[in-house]
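Heads up, the thing below is written out as structure tokens.
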There are 4 protein chains.
Amino acid sequence: MSNTFGKIFTLTTFGESHGKAVGGIIDGFPSGIEIDEEFVQRELDRRRPGQSSITTPRDESDRIEFLSGIYEGKSTGTPIAFLIWNKNQHSSDYQKMKDVFRPSHADYTYTAKYGIRDHRGGGRSSARETIARVAGGALAKLALKKLGITIQAYTSQAGSIVLNKDYSELDLSQTENNIVRCPDAETAEKMIELVKQIKAEGDTIGGVISCIIKGVPVGLGEPVFGKLHAQLASAMLSINAAKGFDYGMGFAGVSLKGSEANDVFIAEDGRIRTKTNYSGGIQGGISNGEDIYFRVAFKPVPTILQEQQTVNEKKENVELHAQGRHDPCVLPRAVPIVEAMAAMVLLDAYLLSK
Amino acid sequence: MSNTFGKIFTLTTFGESHGKAVGGIIDGFPSGIEIDEEFVQRELDRRRPGQSSITTPRDESDRIEFLSGIYEGKSTGTPIAFLIWNKNQHSSDYQKMKDVFRPSHADYTYTAKYGIRDHRGGGRSSARETIARVAGGALAKLALKKLGITIQAYTSQAGSIVLNKDYSELDLSQTENNIVRCPDAETAEKMIELVKQIKAEGDTIGGVISCIIKGVPVGLGEPVFGKLHAQLASAMLSINAAKGFDYGMGFAGVSLKGSEANDVFIAEDGRIRTKTNYSGGIQGGISNGEDIYFRVAFKPVPTILQEQQTVNEKKENVELHAQGRHDPCVLPRAVPIVEAMAAMVLLDAYLLSK
Amino acid sequence: MSNTFGKIFTLTTFGESHGKAVGGIIDGFPSGIEIDEEFVQRELDRRRPGQSSITTPRDESDRIEFLSGIYEGKSTGTPIAFLIWNKNQHSSDYQKMKDVFRPSHADYTYTAKYGIRDHRGGGRSSARETIARVAGGALAKLALKKLGITIQAYTSQAGSIVLNKDYSELDLSQTENNIVRCPDAETAEKMIELVKQIKAEGDTIGGVISCIIKGVPVGLGEPVFGKLHAQLASAMLSINAAKGFDYGMGFAGVSLKGSEANDVFIAEDGRIRTKTNYSGGIQGGISNGEDIYFRVAFKPVPTILQEQQTVNEKKENVELHAQGRHDPCVLPRAVPIVEAMAAMVLLDAYLLSK
Amino acid sequence: MSNTFGKIFTLTTFGESHGKAVGGIIDGFPSGIEIDEEFVQRELDRRRPGQSSITTPRDESDRIEFLSGIYEGKSTGTPIAFLIWNKNQHSSDYQKMKDVFRPSHADYTYTAKYGIRDHRGGGRSSARETIARVAGGALAKLALKKLGITIQAYTSQAGSIVLNKDYSELDLSQTENNIVRCPDAETAEKMIELVKQIKAEGDTIGGVISCIIKGVPVGLGEPVFGKLHAQLASAMLSINAAKGFDYGMGFAGVSLKGSEANDVFIAEDGRIRTKTNYSGGIQGGISNGEDIYFRVAFKPVPTILQEQQTVNEKKENVELHAQGRHDPCVLPRAVPIVEAMAAMVLLDAYLLSK
């Protein structure tokens, strides 16, 4: 069941990087929702490799094909299966790495756990698996849209370049206007510069993605183990290369005093609001109607185009000269993935709260 | 099901702060494990209020009582139910707050979600619920001990006082030697000073707990949504007041380059190891045999002994004068809770990996 | 998780026959439902041993005690824990059977599976575990009552005595008027006669319980693996001694022709109904608004007061002289258990269908 | 999640009768198992329409295509996705039934539940969905084979023709030798005669399938709600047209006395066996090592080629003249489906028991 996400709305994914196809089955999707297939495809395009000069030059067209659950353009409440055929696989790039454990990849742990692995392009541990997440998230977004819930993520740190502005000071509609997906043009410029330089070195960097969820009704999330932020944390940490998650005041807030960090309630237009939002829109694991915001930390991509020492399956020391086409920084392509996971968490929480 | 944690080893908890009892049922516990009830009680004592001058003076004896699943001192593989009777409840402390939504507590969201709440002491949203977690974790530790897996958490930041040492430089056996549960005596001293001062102000602070898991076999954790660190993240964020989680290099590592952060594999005594451990013992969601380490951020306790503005159920502006006995800083008492959740995640992952 | 029943409404049970207590935790119960504790107790009394001359003379008072989830008489949406203390245990009755595997009991399989068992009174495999089910079912009935759903079971066969009437010909309000729980007085008389005779022989018999669910809204049940009748089947077969389940026309209908067995749709008062109800109120796994009816087969109680051959843990042939107080026929006491399981299935299906 | 079956080994299915494809994703399949694709195809061929003169003449080639989870002929422990393209759909056959609720089909309940349905060929409620089950079961059989567990089902009743022999008197290797899948040639002949006659009348009949599982190790099945027979019951009742399930002595055994029906234990060759097997290989929900045997009742196929009265979506009375190609008796094609579901239950129970 570890390839299934969610409780009521569920996504079960399949597929290896160099297998025949990747895809998934969505179960529990509400019936009667219009499925805008072009929107789903556009979301996939945001994740697609080869979309800019700072992402991997692999050109994967990644056309989605729906197999079930949709009739006359609407969801029927039955499982929605979809797939994306794998093309343009250069499996031979990986032939000489067949028995080698690439540093900070999952090659070794998969081999240890399963006794066998599809080494080509990382197999199941490849980030290519996230295609199915983006598709699932796109459908979730279609359902959330009807509820007035919107989700917007952006790159708030790339390597050492930090966007030092609160989301409320940003125009999030600018996020898609640059290739690093940072809504602040000036910072984006610096980030792009940095990524290009890192790429030239054959190296990689990590970063942070911030995500804002607006329009959430009061009452989503389930105490005590199904707290909304616990579900978000699990969803985000399940993304390849993710190393950390915080929400609301997060790590930065630990040195605040209670008297500084408490969100005072106020009655506003007959509705209960909070004056500040250090809580990040969630209290006791349940949404309080304010914006939900959180951050996800991503490590640098482990595939670098520099020589590295490592071992092979025979426990021999070997040198690794990675080839293939890789991202110097996953952040831009991870933005839609973060949004997709958030969308699925929210829709699932909504369906459970009904 | 949101009050149930785990997949094979599961803990289902119950209980409100001022109800009759708190407790839980553990299912899926391996049979034949000797149940050291005194050890379980000691773990509860570590969480207990009133244990030191910097924790709440509530004196809750919190004696655990096992009801099933144990025969002649050993687990039988059937559900282990346990409870801790609530005593020493000053419900009247809360009478005047019956209709008031305390800032940054779950009063409002519970009321909004359920239309009803047991207001006394926070009801179900009270951290008193974590007693059952500590009990469940203590049992999990007994099972993990036989596998050679150990879990040690400690306070690494209290408010602005940060313990700036890597865990490898610390003697973790010193953690229990001071009331703030920081293994570095000097830093502990400063933390205690700070907490006392904050307490005198009627205020509170947050902090960070670090946790180290040693002796983990290779192969625990399930791709892709059940990654071991995703499970840890969910477990940690489900603890009251938790706001963030990172593991391995975490947030600090995002500005490293791949060439700096990669963990090179080496063969050592016929075993595959990594030279460094930026990965934090997990690669691709699966344990690689190295130490697992992570951090959890806690916000300042929202109950402060200062006057606060808020609203009541009628949406009227009211002033809140909190009373009752509260912690100025939850960190010391959260240390065993973090360990308990980690223990349950690990045991569950182990049982699933068999 | 095998001691947890349900998906949204869940019951997790614990307890051995001669342990301290039996009980459970209900999660997912709707908030704001008035908890009529006396009704719950009455349901337990229907299951109680010693209630008549043809049930076991063990007099277990079985008083339920609620520990959480109820505030000022109403459910709060948080877990409802309850327990029933075990009293009047004659564990010594079982001392000499400690190492003996009683025929057609679970002694051998538990020992084989877990390597250890609480032999006293069957331990966890005792039907005493069903107390928690009856309590859970009673709460479910309270929630279903508000929806207009009623559940009535009765003994339709005891040994060779068969009640050869359709439920529509019976006055189900008569079920509780006799000790065998058969709504037809004449048949009840014969059944009681038979059970008394069997009891005198130190023997036991099985039988069939029929159950009728009325007032079910259209749309409960989830295709394809969560079909409403599949859930009922699983629930019923999980009851001790159950050997079979059928619903609607069931086994008897297999020799009908499609033209005989099809339920023709008719429009009646603006509502779609079926002319006949061979389908048993469920089509394609989803309720169609007609009465749901099903049967459950129970084997004769395996504990007989006659000498039996068997083996012990050392694989030696031994003779078994069972003692203790036992039911010659479980049917009367199983009636409330069947109703309870049905109630939980229906409530869970309802909550999932919202 | 209702389209997902199992706990550790899981099958999630998708697809409508006249959609693009049907298929599924298997998760939790053990790694390193050789995937004999031809065996899987043969199992599908056993279920295939058009295979004999007494099944529907629809000729669906139903070639399975694997998409993931298999590398160099072996399972890798990652999800195994597969699909079967739908071909040869005569959707126009159903055009005039678009708004009509066919008696004893799921047309009405799906429409009521979802507000929308793919009416073509029954859409999701079509038995075409069982293709994915047979594929999943075939893979499960491959894993069970290594454990020495075998599963054999056969038609033991077709309409009024009953095979009155215990399975121990039958040569189950004869099952595939006739088109009705009854291992007794003489009875098979009668059944075939009956089905042909029923077909000529444009009518249908039901029947009973018996299933025998041999080689089951002691200890599979989980008390108390996950009893092995409860899981089998749920699995069997989830098959289209199934109306009943019993195992071991089943419904027939309710009139036996305990002294007649108890399975006396004996020690045989150092192993504990039972002298008789009324229990059907399961005691207390856990396998005891003896043969598991059970029966499944199937109603007559509701699609008959006779005129029927019914209503349409506007609640108007209409006459229905069913067309299309249909089975007069599903039993022969249901045999591999029963086996498939049993195989998945057993493998899942085995993986859980490790």
| Within chain A, helix-based [θ] at 222 nm, where runs of 4 or more DSSP H residues each add -39,500 (n - 2.57), nearest 500 | -8000 deg cm²/dmol
| Interface residues, region B:98-144 - accessible area loss of 50 Å² or more versus chain alone, probe 1.4 Å | B:SER104, B:TYR108, B:THR109, B:TYR110, B:LYS113, B:TYR114, B:ILE116
| note | If one compares the long axis through the Cα atoms of helix D:185-200 with the longest principal axis of the Cα atoms of chain D, the angle in degrees, nearest 10, works out at 20
| task | Give the Cα extents of region B:36-192 along the principal axes, in whole Å, largest first. | result | 49, 48, 28
| What quantity of accessible surface, computed with a 1.4 Å probe and excluding non-protein components, is buried in total between chains A and B, in Å² to the nearest 100? | 7500
| remark: Given unit charges at Cβ for Lys, Arg (+) and Asp, Glu (-), the dipole magnitude of region C:152-215 about its Cα centre in debye, nearest 20, is 180
| query | Using Cα-only point scatterers and the Debye equation, what is log10 of I(q)/I(0) for region D:129-174 at each q in 0.21, 0.23, 0.30 Å⁻¹, rounded to two decimals? | reply | -0.88, -0.92, -1.02
| task | List the residues of region A:274-296 whose accessible area drops by at least 40 Å² when all protein chains are present, compared with their chain alone, using a 1.4 Å probe and counting only protein heavy atoms. | result | A:GLN283, A:ILE286
| remark: Nearest 10, in degrees from 0 to 90: the angle of helix D:331-353 to the longest Cα principal axis of chain D is 50
| task | Could you work out, residue by residue across C:49-55, how many beta carbons of other chains sit within 10 Å of that residue's beta carbon, and then give the average as an integer? | result | 0
| note | Rounded to two decimals, the Rg over Rh value of region D:1-68 from Cα coordinates and the Kirkwood Rh reads 1.01
| query | Once you charge only the Cβ atoms, +1 for Lys and Arg and -1 for Asp and Glu, what is the size of the charge dipole of the protein assembly as shown about its Cα centre, to the nearest 20 debye? | reply | 0
| message | Taking 20 °C and 1.002 mPa s as the conditions, I'd like the Stokes-Einstein D for the protein assembly as shown in µm²/s, using the Kirkwood hydrodynamic radius from alpha carbon pairs. | response | 66
| field | Inter-part distance where region C:205-256 and region D:21-46 are each reduced to a Cα centre, Å | value | 31
| task | Would you kindly work out, in nm and rounded to one decimal, the distances from the label point of B:SER92 to those of the same position in each other copy, ordered shortest first, with label points 7 Å along Cα-to-Cβ? | result | 4.9, 8.6, 8.6
| task | Check each of the trypsin sites (Lys or Arg not before Pro) in region D:71-151 and keep only those in coil by DSSP with at most 14 other C-beta atoms within 10 angstrom; list them in order. | result | D:LYS87, D:LYS98, D:LYS146
| task | Find every distance from the label point of A:THR150 to the corresponding label point in the other copies (7 Å from Cα along Cα→Cβ) and write them in nm, one decimal, shortest first. | result | 5.3, 5.4, 6.5
| request: Between chains D and A there is a rotation axis; tell me the chain D residue with the nearest beta carbon and how many whole Å away it sits. | output: D:THR12, 2
| query | Where nothing but the Cβ of Lys and Arg (+1) and of Asp and Glu (-1) is charged, how large is the charge dipole of region A:188-237 around its Cα centre, in debye to the nearest 20? | reply | 160
| query | Out of D:ILE337, D:ILE209, D:ILE70, any idea which swings most in a Gaussian network model of chain D, alpha carbons joined below 10 Å? | reply | D:ILE70
| request: With an 8 Å cut-off on Cα pairs and a minimum separation of 6 or more residues, tell me the relative contact order of chain B in percent. | output: 23
| task | Enter the per residue convex hull volume of region A:4-353, computed from alpha-carbon coordinates, in Å³ rounded to the nearest integer. | result | 148
| For region A:193-344, what is the Kirkwood hydrodynamic radius in Å, using each pair of distinct C-alpha atoms? | 18.0
| field | Chain-alone versus full-assembly comparison, region D:27-42, residues with accessible loss of at least 50 Å² (1.4 Å probe) | value | D:ASP27
| note | Taking protein heavy atoms only, a 1.4 Å probe, and rounding to whole percent, the accessible area of region B:4-353 owed to carbon and sulfur comes out at 46
| Ignoring ligands and nucleic acids, what accessible area does A:TRP85 show with a 1.4 Å probe (Å², nearest 10)? | 70
| request: List the distances, in nm and shortest first, from the label point of A:ASP36 to the matching label points in every other copy, placing each point 7 Å from Cα along the Cα-to-Cβ direction. | output: 5.1, 5.1, 6.0
| message | Can you give me the accessible area per residue for the protein assembly as shown, using a 1.4 Å probe, in Å²? | response | 32
| request: Please give the helix D:37-47 orientation as an angle from the longest Cα principal axis of chain D, in degrees from 0 to 90, rounded to the nearest 10. | output: 60
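The values are calculated or read from the model by the stated rules, or taken from the named source; none is laboratory data. What you are looking at is a predicted structure, and each value in this text was computed from that prediction instead of being measured. Every residue, glycine among them, receives a Cβ derived from its backbone with ideal geometry; neighbour counts consider all protein chains shown. What goes into the accessible areas is simple: the full protein's heavy atoms, side chains included, and nothing from ligands, DNA or RNA. Shrake-Rupley method; radii C 1.70, N 1.55, O 1.52, S 1.80 Å.
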